[in-house]
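The values are calculated or read from the model by the stated rules, or taken from the named source; none is laboratory data. Because the structure is predicted, anything quoted here is derived from the model rather than measured. Ideal geometry is used to build each Cβ from the backbone, glycine not excepted, and the neighbour counts take in all protein chains shown. Surface areas here come from the heavy atoms of the whole protein model, side chains and all, with no ligands, DNA or RNA. Shrake-Rupley method; radii C 1.70, N 1.55, O 1.52, S 1.80 Å.
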Amino acid sequence: MSEHRYREVFLVLVIGVFWGLNWPAVKIVLAEIPPWTLRAIGFTLGAVLLAGLARLYGQPLLPERAQRWPLTVAGLLTVFGFNVLTAFGQLYTETSRAAIIAFTMPMWAAALSALFLGERMTAVRAASLALGMLGLAALLQENVAALLRDPVGPLCMLGAALSWAAGTVALKRRAWTVRPVARAAWVVGCSAPPAIAAAFIAESPAQIPWPSATVLWTLAYHVLFPMVVCHAAWVSLVGGLPASVAAIGTLLIPVVGVFSAIVLLGEPLTASKLVALVLVLSSIALTFARRRPPA
């Protein structure tokens, strides 16, 4: 396996583990911090830390003037839209179900990238996507009745999936001059102002009781790893892969999310979740098995 391929696999694993664990982490935090305030804190601190990291690596923070608005739109779709909708979605549905619906994203990303980027849907890529979708379907089928009874949460998660898919394609559509960590700081930072405004309008953050130690430690994890490390890794990964392939790689996230919810939140373990794990991991393995590294 080439050094380039090792790097891709490492980034996928980092994203899969840390973003997967973020699902129960957000559920824990939402018990004491409302969604707009949570996202305002996460976006603001995440952007500051990413900006500091970019400066440490000597990366200029400002994109070229012509790229600022397109990068802002991509950030609002990928970061703001996805994170806000998943926060509200988890208020109305269990964590494992939320993660499953959100990660229909690869299907939407593959369709949008074929439509807007002209990416070719090869047989290997189609097979890996099909395996991943089968894995998600195996998880989803046990919750069909619940989805029909209470559609608000699932609709939020579907909106989150579409938002992230559109943002992924927007990030892939241009050759950005700003470096990956600085680019991550920009896409997270542009999401902070609307979240802060919404928090002050809808939730009065100053009146929220001080969170417990458990929630504060969980919030620290949420900011440092999912918000900082994973966004930097994701932007870097999308920059080096076709959008649909990068999206398929993230199918590891719902697997980690589901099983961490079982351990940390006490959600039930079922045979369909075990089947889904095998299918999703097979999808990721096939994604990287035969793709040639870029020239």
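Residue check: is LEU162 at pLDDT below 85, in contact with a helix residue (DSSP H, G or I) (Cβ under 9 Å, 6 or more places away or on another chain) and of a type outside the set (Lys, Arg)?
For LEU162, the condition - at pLDDT below 85, in contact with a helix residue (DSSP H, G or I) (Cβ under 9 Å, 6 or more places away or on another chain) and of a type outside the set (Lys, Arg) - is not met.
Name every residue in the stretch 17-28 that is in contact with a Pro (Cβ under 9 Å, 6 or more places away or on another chain) and not aromatic (Phe, Trp, Tyr), in order of residue number.
GLY20, LEU21, ASN22, ALA25, VAL26
Being in contact (Cβ under 8 Å) with a residue 24 or more places away in the chain and either in contact with a Lys or Arg (Cβ under 9 Å, 6 or more places away or on another chain) or of a type in the set (Gly, Ala, Ser) (or both) is the filter here; which residues of the stretch 51-69 pass it?
ALA51, ALA54, TYR57, GLN59, PRO60, LEU61, LEU62, PRO63, GLN67
Exactly one condition in (1) of a type outside the set (S, T, N, Q); (2) open to solvent by 10 Å² or more (accessible area, probe 1.4 Å); (3) in contact with a Ser or Thr (Cβ under 6 Å, 6 or more places away or on another chain) is false for PHE43; which is it?
(2)
Can you tell me which residue in the stretch 201-228 is most open to solvent (accessible area, probe 1.4 Å), limited to those that are closer than 24 Å to ILE253 by Cβ, hydrophobic (A, V, I, L, M, F, W, C) and touching a helix residue (DSSP H, G or I) at 6+ places or on another chain (Cβ under 6 Å)?
This residue is PHE225.
In the stretch 76-123, how many are in contact with a helix residue (DSSP H, G or I) (Cβ under 6 Å, 6 or more places away or on another chain), over 30 Å from GLY266 (Cα atoms) and at pLDDT 90 or above?
Looking only at that region, the number is 1.
Could you run through the stretch 109-129 and say how many residues are in contact (Cβ under 8 Å) with a residue 60 or more places away in the chain and either of a type in the set (A, V, I, L, M, F, W, C) or assigned to a helix (DSSP H, G or I) (or both)? Give the derivation first.
Narrowing the stretch 109-129 to residues in contact (Cβ under 8 Å) with a residue 60 or more places away in the chain: 109-110, 112-114, 117, 119, 121, 124-125, 127-129.
So of that shortlist, the ones also either of a type in the set (A, V, I, L, M, F, W, C) or assigned to a helix (DSSP H, G or I) (or both) come out as 109-110, 112-114, 117, 121, 124-125, 127-129.
The qualifying residues number 12.
Check SER204 against each of (1) more than 15 Å from PRO70 (Cα to Cα); (2) touching a Pro at 6+ places or on another chain (Cβ under 8 Å) and name the one condition it does not meet.
The one condition SER204 does not meet is (2).
Would you check which residues across the stretch 36-75 are in contact with a helix residue (DSSP H, G or I) (Cβ under 7 Å, 6 or more places away or on another chain), over 22 Å from ILE196 (Cα atoms) and of a type in the set (Gly, Ala, Ser) and list them?
Hit for the stretch 36-75 is ALA54, nothing else.
Among the residues of the stretch 94-125, which ones are open to solvent by 10 Å² or more (accessible area, probe 1.4 Å), closer than 14 Å to MET157 by Cα and among the polar types (S, T, N, Q)?
Selection gives THR104 alone.
Need at least 1 residues that are modelled with pLDDT of 95 or more and among the β-branched types (Val, Ile, Thr) per element, so show me which helices (runs of 4 or more DSSP H) inside the stretch 176-243 make the cut, counting only ones lying wholly within it.
Ranges flagged: 180-189, 192-202, 213-222.
Evaluate the stretch 147-157: report whether one residue or more is more than 16 Å from the chain's Cα centre (by Cα) and more than 17 Å from THR86 (Cα to Cα).
The answer is yes, given that some residue of the stretch 147-157 is more than 16 Å from the chain's Cα centre (by Cα) and more than 17 Å from THR86 (Cα to Cα).
Take THR168 and decide whether it is open to solvent by 60 Å² or more (accessible area, probe 1.4 Å) and polar (S, T, N, Q).
So THR168 fails the test.
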